[in-house]
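Here, each number is a calculation from the coordinates, and none is a lab measurement. Note that the coordinates shown come from a computational prediction; the quantities given were computed from them, not determined experimentally. Note: ideal-geometry Cβ built from the backbone for every residue, glycine included; neighbour counts use all protein chains shown.
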Amino acid sequence: MRTDRHADQLRARADQLHQQAHHTPEPVAERLRANAARLRSWADEHDRTRLTEPETSRR
């Protein structure tokens with residue numbers, strides 16, 4: 001089961017990779033930025049496709 005926390009973790013890791021890219025020579029830095037973009041893409045896909053439980057009506 002996916003949770004919103006998974007998407008948050010993907011974004012946090014993407015931020016770490018992007019920050020690391022600032023301190024890394026090319027072409028490694030470019031690979032780090034590409035990996036960060038892929039992680040953000042997965043997190044965005046999670047947000048777009050998440051399922052929520054329908055609210056139950058109280059009687």
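Computed from phi, the 3J(HN,Hα) profile of segment 5-16 under the Karplus parametrisation 6.51, -1.76, 1.60 (θ = phi - 60°) reads 4, 4, 5, 4, 5, 4, 5, 5, 5, 4, 4, 4 Hz, with x in place of Gly and Pro. The residues neighbouring Ala37, those whose beta-carbon lies less than 14 Å from its own, together hold a net charge of +2 under the Lys/Arg +1, Asp/Glu -1 convention. Spin-label model, Glu26/Leu51: points 7 Å from Cα along the beta carbon direction are separated by 4.5 nm. Each helix, a run of at least 4 DSSP H residues, gives -39500 (n - 2.57); summed and divided by the residues of the chain, these come to -24000 deg cm²/dmol at 222 nm. Judged by the ratio a/c of the largest to the smallest principal axis of the C-alpha gyration tensor, the chain counts as prolate, that ratio being 1.5 or greater while a/b is larger than b/c.
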